[in-house]
1. Kindly indicate which of B:GLN107, B:GLN126 is away from ligand 2 (no atom under 16 Å from the Cβ) and within 13 Å of chain A (Cβ to nearest Cβ).
2. Within region A:373-419, track down each residue that is more than 16 Å from ligand 1 (Cβ to nearest atom) and acidic (Asp, Glu).
3. Can you tell me which residue in region B:66-77 is farthest from ligand 2 (Cβ to nearest atom), limited to those that are out of contact with any helix residue (DSSP H, G or I) (no Cβ under 7 Å at 6 or more places or on another chain) and open to solvent by 10 Å² or more (accessible area, probe 1.4 Å)?
4. Which count do you get for residues in region B:129-162 that are in contact with a Ser or Thr (Cβ under 7 Å, 6 or more places away or on another chain) and within 14 Å of another protein chain (Cβ to nearest Cβ)?
5. Looking at region B:192-218, which of its residues are open to solvent by 80 Å² or more (accessible area, probe 1.4 Å) and more than 16 Å from ligand 2 (Cβ to nearest atom)?
6. Determine, yes or no, whether A:ALA293 is within 13 Å of another protein chain (Cβ to nearest Cβ) and either modelled with pLDDT of 85 or more or in contact with a helix residue (DSSP H, G or I) (Cβ under 6 Å, 6 or more places away or on another chain) (or both).
7. When B:ALA174 is evaluated against the numbered criteria (1) open to solvent by less than 10 Å² (accessible area, probe 1.4 Å); (2) within 20 Å of the chain's Cα centre (by Cα); (3) facing chain A (nearest Cβ under 9 Å), which criterion, by number, is the only one it fails?
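The values are calculated or read from the model by the stated rules, or taken from the named source; none is laboratory data. No experiment lies behind these values; they were computed from the predicted model shown. Positions of Cβ are generated from backbone atoms using ideal geometry, with glycine treated the same way; all protein chains shown enter the neighbour counts. Calculation scope for accessible area: heavy atoms of the full protein, side chains included, ligands and nucleic acids excluded. Shrake-Rupley method; radii C 1.70, N 1.55, O 1.52, S 1.80 Å.
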Amino acid sequence: MKHVGIYLRLGLRNLWLHPARTGLTVLALAVGIAALTFLTAMNDGWMQNIRENFVLTEVGHLQIHARGFEQSHKIRDHIPDTRPLKSRLDSEPGILAWTERIRVSGLASAAGANAGVLVSGIDPLRERKVSRLADFISQGRWFGLDEAHATIIGDVLAERLEVGLGDKLVLMAAAPNGDIMSEVFRVRGVIHSGVMDIDNLLTLIPLASARKWLGMATAGNGGEYGGVTDIVIRADSFADVNPLKQSLSAAFAGQDLEVLRWMDIDPMAEQWSQFADAYTWIVLAVVILVVLAEVLNTMLMSMHDRIREFGLMGALGTGAMQLFAMLMWETVILVCIGGLLGFVMGGWASAYYGEYGLDLSRFATAFSFMYMSPIVHPQLTFDGCARILGAAIIGAMIAGLYPAWKAARLEPAVAMREI
Amino acid sequence: MNASDNGTASMEGWDSPLIQARDLSRHFHSSQVEVVALDGVNFDLQHGAFSVLAGRSGSGKTTLLNILGTLDMPDAGALNISGRDVLKLSTAERADFRLMHMGFIFQAYNLIRVLSARENVAYVLQLRGVARDERLRIADTWLAEVGLEGLESRRPDQLSGGQQQRVAVARALASEPDIVLADEPTANLDSHTGEALMQLMRALNEKRGTTFLIASHDPVAMDAGKELLMMEDGRIVEQHRQ
Ligand SMILES: Nc1ncnc2c1ncn2[C@@H]1O[C@H](COP(=O)(O)OP(=O)(O)OP(=O)(O)O)[C@@H](O)[C@H]1O
Ligand SMILES: [Mg+2]
């Protein structure tokens, strides 16, 4: 395009001609973009926080099941012996720790009441390296070594069953062969996680006790070896999840095993990411609207003031494309200054709260079921910035095109007649 | 820079008139009434003319000037400027034609308000591709020529009405056009300032040979013209030297 320089200069000077109007527009743009940048960072920080809490609370980054268990959730679909897998899991890069569990649904009866429960037989030592379940103890204590008939249950469940520390609990569940087995446990601890499924349903027992109770110990031992339903893996980071899934699936191919990622395990995870996507789209739509409304308003006002001048410029031989370019420049300048300022403000706020955290504990009870911790650390990602920038540019384009197109189409003779 | 150097006007172009207007008509349709603004305009304008287009308000002066300046198109007729059939030009070609061949002076709002006097004059030169130093030098020369030495950096709103019109004259002449079209250039000026502006343009016409066509019903302007074209009801009814 010819003479870009002069139209850039004209654009700047025309904006400077109305410092108050231009300043207000820039400020409004900046505040809008800053708020949306911060909201995006909040959202990303939140999602990261939820993912982390979700994974570390119980589920782990990856789980290995016997094929079919994910559909049936029946204990008959278990892994009979994990010893052949051990060396690979211990040596695989990207795995921080791993443990084994037996998961089965059953019935808990105490003196006063019964309730459906989710029994989880865990390895007391290794579990602590994978999940945070031990951190949630609110009364009593974690399992001691070689403690056979101990159980730790969710606090809501304890209330429902009207049991406390030291009380007896009878657990009933179906063994792999279909027989209903029951066993007596004594409550040694109560946990409060804030996650409904855990607090309402979870009943932890030592893995060895679970194997003996349900007949899953390999013959001739006290439950140290034998069947499990889940191998739970904590990866070094989220970035390792997909590579690990691939490498483990390949390593264990042909062994009737299934390697599942955290998001494959809980359908809620899928919904979160859809929710996050929807939120992102809403934010982007708002960015476009903010930019559009602000810039369009200013540009139309500025155009109205200058119809005669456009006519004059046209009469002097300024081409339609050049008038178009001049107005587009003004839009670009407005959006660049406002957007940059907004990015700086929003980025600063995100970085500040990213470092020190934003305390939302007043609202935390409402959110805790979503694995959300009450202190949010906004996270400004490159993707988030790029999306907002893109949306701002789209908004500016739409807002700039209309006035520029109108100016370019003006007939000089007609425009000159306007007062 | 002059159009006659570009080969568009042949040697015989100098013998033939600069403007040949034949049966130009222009109708406006505004709210059911049809206004005949131009009703068969015929005239020739010679190179080097300094002509005043006079006539009552509404007689069609501005309409004619807009058509001669390729800012508007007639409904019928023929128009030849500098040996070119300008009615055949596209919108973009007309913008280019104006840039290369025409100078304009309007009644008011002649200047781009965010540009200084010097930049306003240099603007058309820049559109024509004249290098920066060269166009600023030309602009200053022309501003001095119209008596605005020392005011080159002022913005339009820091200049009087008469000074603004002088900047417009400098701009119209700086690109050495074939013709300068001026529509009521003195209408917003007091009679003394208006007369001075007319004398300035006439002096430039005599010194440089630039052709001027000035629409005005201002007696001061009419007196200054070497030639008078009288318009009445969309027609040129009289053309005589004075
Ligand atoms: N765009 C237009 N739409 C409708 N009517 C128009 C338009 N332009 C001019 N006219 C009409 O055409 C006629 C001639 O107008 P024009 O402006 O050419 O007159 P003029 O001689 O320049 O008048 P003045 O001395 O007042 O400037 C007038 O009746 C005017 O109302
Ligand atoms: Mg007029």
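1. Numbers: B:GLN107 fails: away from ligand 2 (no atom under 16 Å from the Cβ).
Answer to the check: B:GLN126.
2. Passing the criteria: only A:ASP383.
3. B:ALA76
4. Qualifying residue count for the region: 2.
5. So the first thing to find is which residues in region B:192-218 are open to solvent by 80 Å² or more (accessible area, probe 1.4 Å), and the list is B:192, B:195, B:199, B:206-208, B:217.
The answer is B:HIS192, B:GLU195, B:GLN199, B:GLU206, B:LYS207, B:ARG208.
6. Working: within 13 Å of another protein chain (Cβ to nearest Cβ): no; either modelled with pLDDT of 85 or more or in contact with a helix residue (DSSP H, G or I) (Cβ under 6 Å, 6 or more places away or on another chain) (or both): yes.
It is false that A:ALA293 is within 13 Å of another protein chain (Cβ to nearest Cβ) and either modelled with pLDDT of 85 or more or in contact with a helix residue (DSSP H, G or I) (Cβ under 6 Å, 6 or more places away or on another chain) (or both).
7. (3)
Residue-wise test of (1) closer than 27 Å to A:LEU292 by Cβ; (2) in contact (Cβ under 8 Å) with a residue 12 or more places away in the chain; (3) among the aromatic types (Phe, Trp, Tyr).
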site: A:LEU12; (1), (2), (3): yes, yes, no
site: A:PRO19; (1), (2), (3): yes, no, no
site: A:LEU29; (1), (2), (3): yes, yes, no
site: A:THR37; (1), (2), (3): yes, yes, no
site: A:ARG51; (1), (2), (3): no, yes, no
site: A:HIS61; (1), (2), (3): no, yes, no
site: A:PHE69; (1), (2), (3): no, yes, yes
site: A:HIS78; (1), (2), (3): no, yes, no
